[in-house]
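**Student:** Please see the structure below; I have some questions.
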Amino acid sequence: MPDLQEIAACIQHTNVSPATTRDDIIALCDEAERYRFDGVMVQPCWVDLCRKKLQGSSVKVCSAMAYPLGGSLTRSKVAEMRHLVEEGAQEIDFMANLGFLVGGAIEAYHDEIAALVSAADGVPLKIMLELGATPEELWQVAIEQAEKAGVAYVKNSSGWGLGGKASVETIGFMRRCAKRAKVKASGGIRTAEDAKAILSAGADLIGTSAGPAIMAGQVGEGAY
């Protein structure tokens with residue numbers, strides 16, 4: 001089982017609330033450096049601030065794009081992806097168009113993902129699959145199409161809305177299905193015990209707003 005420092009190295013410290021302020025982001029960066037988290041996960045408007053605040057740090061600047069619904073026009077998503085790369089995002093989590101997948105438009109689902117991978121120009125992408133809102137018979141299809149399109153990570157959920165919580169069973173399924181992509185877990189990871197179980201099930205990264213509480217042996221609060 002991973003120890004606390006191994007857990008910290010897998011945490012992407014998250015604050016993507018619509019009410020987040022500049023001071024909140026500065027505190028997020030400070031906590032990420034203090035605990036040696038893998039990265040901070042913020043909305044696009046805060047990427048430049050994080051890049052400047054974390055300059056010279058090992059903590060990565062990550063952003064959530066087309067979040068939390070995923071229904072923007074593909075060309076709008078492509079433009080935003082390019083802007084995030086220009087801003088200095090080192091990893092980008094993006095929301096897929098779940099309606100394409102569930103509605104049977106598999107080619108459109110794949111093609112949008114591939115367009116975003118191309119627009120990222122080598123920056124690693126993580127696709128938020130929102131498995132909690134996806135029929136289980138489509139989970140493997142979603143992972144296969146995302147891998148085919150070139151994502152670096154598959155992620156069970158945005159941790160917000162319909163995406164659902166990470167579970168040992170879901171993460172284990174993703175690990176077995178993913179042939180090349182790594183796995184990120186998000187949603188409801190509140191304690192060190194949660195984190196250990198999810199990492200042992202096959203997750204490579206954890207997205208959570210409860211990182212400091214996890215490190216302190218407490219139960220974290222928050223939306224994700």
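The values are calculated or read from the model by the stated rules, or taken from the named source; none is laboratory data. Everything numeric here is computed off the predicted structure, so don't read it as measured data. Reconstructed Cβ throughout: ideal geometry from the backbone, glycine too, with neighbour counts over all protein chains shown. Ligands, DNA and RNA are stripped out before the accessible areas are found, and what is left, the full protein with its side chains, is counted by its heavy atoms. Shrake-Rupley method; radii C 1.70, N 1.55, O 1.52, S 1.80 Å.
**Student:** Test residue 182 against the stated conditions and say whether it is open to solvent by 20 Å² or more (accessible area, probe 1.4 Å), among the basic types (Lys, Arg), touching a helix residue (DSSP H, G or I) at 6+ places or on another chain (Cβ under 8 Å) and modelled with pLDDT of 95 or more.
**Tutor:** Spelling it out, it is not the case that residue 182 is open to solvent by 20 Å² or more (accessible area, probe 1.4 Å), among the basic types (Lys, Arg), touching a helix residue (DSSP H, G or I) at 6+ places or on another chain (Cβ under 8 Å) and modelled with pLDDT of 95 or more.
**Student:** Right, here's the next one. Name the single residue, out of those in the stretch 185-201 being closer than 25 Å to residue 124 by Cβ and charged (D, E, K, R), that is surrounded by the fewest Cβ atoms within 10 Å (Cβ to Cβ).
**Tutor:** Selected residue: 196.
**Student:** Okay, next question. Would you say residue 204 is open to solvent by 20 Å² or more (accessible area, probe 1.4 Å), farther than 15 Å from residue 65 by Cβ and in contact with a Phe, Trp or Tyr (Cβ under 8 Å, 6 or more places away or on another chain)?
**Tutor:** Yes.
**Student:** Further question: How many residues does the stretch 36-47 contain that are under 16 Å from residue 208 (Cα atoms) and open to solvent by less than 60 Å² (accessible area, probe 1.4 Å)?
**Tutor:** The total comes to 7.
**Student:** Going by what's in this entry, would residue 154 be described as within 18 Å of residue 41 (Cα to Cα), without any contact (Cβ under 8 Å) to a residue 60 or more places away in the chain and either open to solvent by less than 30 Å² (accessible area, probe 1.4 Å) or assigned to a helix (DSSP H, G or I) (or both)?
**Tutor:** Yes, satisfied.
**Student:** Another question, if that's okay. Among the residues of the stretch 16-28, what is the count of those that are surrounded by 22 or more Cβ atoms within 10 Å (Cβ to Cβ) and closer than 19 Å to residue 58 by Cβ?
**Tutor:** Residues meeting the conditions: 1.
**Student:** Step by step: first the residues of the stretch 187-204, then only those that are of a type in the set (A, V, I, L, M) and in a loop (DSSP other than H, G, I, E, B), then the one that is nearest to residue 164 (Cα to Cα). Which residue is that?
**Tutor:** Among those that are of a type in the set (A, V, I, L, M) and in a loop (DSSP other than H, G, I, E, B), it is 189.
**Student:** Can you tell me which condition residue 214 does not meet? The list is (1) more than 16 Å from the chain's Cα centre (by Cα); (2) modelled with pLDDT of 95 or more; (3) of a type in the set (A, V, I, L, M); (4) open to solvent by 20 Å² or more (accessible area, probe 1.4 Å), and all the others hold.
**Tutor:** Residue 214 satisfies all of (1) more than 16 Å from the chain's Cα centre (by Cα); (2) modelled with pLDDT of 95 or more; (3) of a type in the set (A, V, I, L, M); (4) open to solvent by 20 Å² or more (accessible area, probe 1.4 Å) except (4).
**Student:** May I ask you to list the residues in the stretch 101-151 that are in contact with a Gly (Cβ under 7 Å, 6 or more places away or on another chain), surrounded by 20 or more Cβ atoms within 10 Å (Cβ to Cβ) and among the hydrophobic types (A, V, I, L, M, F, W, C)?
**Tutor:** Hits for the stretch 101-151 are 117, 128, 131.
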